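Read through the structure below, which is laid out as structure tokens, and then see the notes.
The values are calculated or read from the model by the stated rules, or taken from the named source; none is laboratory data. Keep in mind that what you see is a predicted model, and the values were worked out from it rather than measured. Ideal geometry is used to build each Cβ from the backbone, glycine not excepted, and the neighbour counts take in all protein chains shown. These area figures cover heavy atoms from the full protein model, side chains too; ligands, DNA and RNA do not enter into them. Shrake-Rupley method; radii C 1.70, N 1.55, O 1.52, S 1.80 Å.
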Amino acid sequence: MDILELAKNIDNVKSNIAKVCLDCNRQNDVILVGASKTMSQDVIDAVNNNNLLNVLGENRVQELIQKYRDGQNFEWHFIGKLQSNKVKYIIDKVKLIHSVDSISLAKEIDKQAKKHNLVMPVLLQINMGKEESKSGFFIEEIENSISEISKFENITIKGLMAVMPICEESKTIELYKTLKIKFLECKEKYNFEYLSAGMTNDYLLAIEYAGANIVRVGTAIFGKRSYDEKI
Ligand SMILES: *Cc1c(COP(=O)(O)O)cnc(C)c1O
């Protein structure tokens, strides 16, 4: 992919974010995570060498390990389904894990973080559509999960992450409004900082209706992927 095109896409996404924040009368504190799955090392290097993004996110451990280099001038987030037995490969490489979807995964993150003498910042994933094909906590059970996971000393819960069903815009907006209420409650109660919600098709809706301050954008930045997989 052409570097000028990449830079232009990122500028576009950033200015869309700035505009929606202005329209909603909110501070633009939105962190843009470039979802770089399936993108080649050349693309990662282009982002790095030209300081195009502060954060890249991968949803597969194998890809993250391959693309990770010491001294890259952006940070990596893990944004996809994480198997407990693979936590050990990424624990010292990522600055935030968006996708904690079970107590047992949290337990393993805690264990590996302890080994590295660090406290791992995480988000708890909410399955907004209650879809069987997707993982994450249901919004009704999130407070229980928070109190369980808060017991782990080497994890710090920084907020929530939403995975959304594919549905009509009106339904998306409704779900985002529900999410916003829950996030604000948790922000108040637990001092949560981040709400990660929104991808290429709905990041502006997520900012406007859920108050998301982290968005994960792939296609609008890197173009269409040659193959895709379930998120
Ligand atoms: C791929 C991916 C995204 C970005 O998807 P786009 O629709 O291409 O913007 C966001 N979040 C997760 C977890 C992903 O795997």
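Details
- Every residue from region 61-82 that is within 15 Å of the ligand (Cβ to nearest atom) and surrounded by fewer than 17 Cβ atoms within 10 Å (Cβ to Cβ): Q62, E63
- Residue that is nearest to the ligand (Cβ to nearest atom), among those in region 25-34 that are open to solvent by 10 Å² or more (accessible area, probe 1.4 Å) and in contact with a strand residue (DSSP E or B) (Cβ under 9 Å, 6 or more places away or on another chain): L32
- Condition check for M199: touching a residue at least 24 places away in the same chain (Cβ under 8 Å), within 12 Å of the ligand (Cβ to nearest atom) and part of a strand (DSSP E or B): no
- Where a residue in region 207-231 is closer than 17 Å to V47 by Cα and small (G, A, S) and its partner, wherever it lies, is near the ligand (Cβ under 8 Å from one of its atoms) and at pLDDT 95 or above, with Cβ under 6 Å and at least six apart: G218/A35; A220/T200
- None of A106, A113 is more than 16 Å from the ligand (Cβ to nearest atom), among the aliphatic types (A, V, I, L, M) and either closer than 18 Å to V163 by Cβ or in contact with an Asp or Glu (Cβ under 8 Å, 6 or more places away or on another chain) (or both) except A106.
- Residue match in region 20-37 (condition: within 24 Å of I126 (Cα to Cα), without any contact (Cβ under 8 Å) to a residue 24 or more places away in the chain, in contact with a Lys or Arg (Cβ under 9 Å, 6 or more places away or on another chain) and hydrophobic (A, V, I, L, M, F, W, C)): no
- Any hit, region 103-121, residues being under 20 Å from Y176 (Cβ atoms) and within 13 Å of the chain's Cα centre (by Cα): no
- For region 132-152, a residue qualifies if it is away from the ligand (no atom under 16 Å from the Cβ) and either open to solvent by less than 20 Å² (accessible area, probe 1.4 Å) or touching a helix residue (DSSP H, G or I) at 6+ places or on another chain (Cβ under 7 Å) (or both), and the qualifying residues are I139, I142, S145, I146, E148, I149, F152.
- Test: residue in region 9-26 that is closer than 24 Å to Q66 by Cα and not in a loop (DSSP other than H, G, I, E, B): yes
- Applying the criterion of being more than 8 Å from the ligand (Cβ to nearest atom) and either within 13 Å of the chain's Cα centre (by Cα) or modelled with pLDDT under 95 (or both) to the residues of region 202-222, the residue that is most open to solvent (accessible area, probe 1.4 Å) is N213.
- Per-region count, region 83-124, residues small (G, A, S) and under 28 Å from L32 (Cβ atoms): 4
- Scanning region 92-133 for residues that are under 17 Å from Y68 (Cβ atoms), out of contact with any Lys or Arg (no Cβ under 8 Å at 6 or more places or on another chain) and not in a strand (DSSP E or B) yields D92, K93, H116, L118.
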